[in-house]
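Coordinate-derived values only; no laboratory data. These figures come from a predicted structure and were not determined experimentally. Please note: Cβ atoms are built from the backbone with ideal geometry, for glycine as well, and neighbour counts cover all protein chains shown.
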Amino acid sequence: MFLLEIEWNPIKYIDLGFFKLHFYSLMWIVAFVIGFQIMKPVFKKEGEKNDALDALFIYSVLGIMIGARLGHVIFYQPELFKDDFFSVFLPFSFKDGFRFTGFAGLASHGAAIGMIISMYLYRKKHLAHRSWIWILDRIVIPVAMGAVFVRIGNFINSEIIGKATDSIFGVRFIQEHYNEYEVSKITGIKNTQDAYKALENNPKYSEYIDAIPYLHPTQLYEAFCYIFVFLILLYSYWKTNKAEQRGFLFGLFLVLLWTVRFFVEFVKEAQVEGRDDYVWFMNTGQVLSVPFILIGLYFMFVFKTKPTS
């Protein structure tokens, strides 16, 4: 029995003629814009100027995006440095011909590291009277909400999928099961988006669909949990005195977010085909999550607490 009974075959972009607006990219934009709005009242409360907030936005975008891309390549596809070096930094593949791919791999672990580094650089240039930890304690609030929209974008893209399931939450990811070449062959239509929609009118549609297993929608599991991570951080900042305990909110963010990630990994497929990489019972995502959780616990309970400056 499947409660959702979703056959997920979404439109991934809007063709504007001169430009294709991908919903995944739009989710990233929404994440940064909403994050900026969340930080406005925080900076106002702390008596910081709007110029510092504008700079924070730029540093956040660059740090998170560069970190996410490099993190994916380093942790999951290091072979790209040798096999297709320029695709690491550009949204194109140069292997077996030139084609636009977008940045097909972005890792949240790398994004977290990129955010931490970019906040260090931001503080030195724009907010020297504040501590690095002071900034991290506050930036994690919008970052937690941003993670929600990124995972929704992953769901739209039918990526970061889960393992097969017979639970009530199973989803059939049509575009993950049939790649763009297979669906074009089935329908005879070269345009990928049109081909997927035409598949629904194919006389053998039910046969094709029955071949697709139900999978855990792990993107939605994470997105749902991250909403609570955001609400807990927001409440802790505005309704308690934990913002005065330097490092606590940053630590709480690390513990909550990466604990969610650790447990969801149990029902998630390997992000790169053939890269299960189990260490004891843990896959790559879980191994990378453990240090973040331990660092978070350190900042919550061991780090020397001082009043914020």
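Tilt of helix 284-301 relative to the longest C-alpha principal axis of the chain, in degrees (0 to 90, nearest 10)?
Helix 284-301 sits at roughly 20 degrees to that axis.
Just subtract the alpha-carbon distance of residue 194 and residue 207 from 0.36 nm times their residue separation and send over the number in nm, one decimal.
Contour length minus Cα-Cα distance gives 2.7 nm.
Does anyone have the angle between helix 132-156 and the longest principal axis of the chain? Alpha-carbon axes, 0 to 90°, nearest 10?
10 degrees
Which net charge results for the neighbourhood of residue 257, defined as the other residues with beta-carbon distances under 12 angstrom from its beta-carbon, given Lys and Arg at +1 and Asp and Glu at -1?
So the surrounding residues net to +1.
Could you work out the relative contact order of the stretch 217-272? I mean the mean sequence separation of Cα pairs under 8 Å and 6+ apart, divided by the number of residues, in percent.
45 percent
Report relative contact order for the stretch 1-88 in percent, whole number only (criteria: Cα-Cα under 8 Å, sequence separation at least 6).
The value is 13 percent.
Could you give the angle, 0 to 90 degrees to the nearest 10, between helix 108-126's Cα long axis and the longest principal axis of the Cα atoms of the chain?
Compared with the principal axis, the helix lies near 40 degrees.
Does the stretch 215-301 classify as rounded, prolate or oblate by the C-alpha gyration tensor (a ≥ b ≥ c root eigenvalues; a/c under 1.5 gives rounded; else a/b over b/c gives prolate, otherwise oblate)?
Verdict is oblate for the stretch 215-301.
Which lysines, on any chain, are close to residue 304 with Cα under 23 Å apart, when same-chain ones fewer than 8 places away are left out?
Reachable lysines: 124, 239, 242.
Per residue of the chain, what 222 nm ellipticity follows from adding -39500 (n - 2.57) for every DSSP H run with n ≥ 4, rounded to the nearest 500?
Computed ellipticity for the chain at 222 nm equals -19000 deg cm²/dmol.
Over the chain, what is the mean sequence separation of C-alpha contacts under 8 Å (at least six apart), divided by residue count, expressed as relative contact order in percent?
Here the relative contact order equals 21 percent.
Classify the stretch 1-97 as rounded, prolate or oblate from the Cα gyration tensor: take a ≥ b ≥ c as the square roots of its eigenvalues, call it rounded if a/c is under 1.5, otherwise prolate when a/b beats b/c and oblate if not.
oblate
Listed here are the pairs 12/268; 49/125; 12/44; 95/185; which of them are more than 26 Å apart at the Cα?
12/44
Starting from one equal scatterer on each C-alpha and no solvent at all, send me the Debye-based log10 I(q)/I(0) for the stretch 143-227 at q = 0.12 Å⁻¹, two decimals.
Debye curve over Cα of the stretch 143-227, log10 I(q)/I(0) at q = 0.12 Å⁻¹: -0.42.
Count the DSSP beta bridges whose two residues both fall in the chain, then state the antiparallel fraction as a percent rounded to the nearest 5.
About 75 percent, rounded to the nearest 5.
List the aspartates and glutamates whose Cα lies under 19 Å from the Cα of residue 204, skipping any in the same chain that are fewer than 8 positions away.
By straight Cα distance, residue 204 reaches 7, 176, 180, 182, 194.
Could you sort 175-184, 120-129 so that the peptide with the highest average Cβ count within 10 Å comes first and the rest follow in order?
Highest-to-lowest ranking by the protection proxy: 175-184, 120-129.
Using only the Cα atoms of the chain, build the gyration tensor, take square roots of its eigenvalues as a ≥ b ≥ c, and label the shape rounded, prolate or oblate: rounded if a/c is under 1.5, else prolate if a/b is larger than b/c, else oblate.
prolate
Beta carbons within 10 angstrom, averaged per residue: use that to sort the peptides 10-21, 65-76, 259-270, highest first.
65-76, 259-270, 10-21
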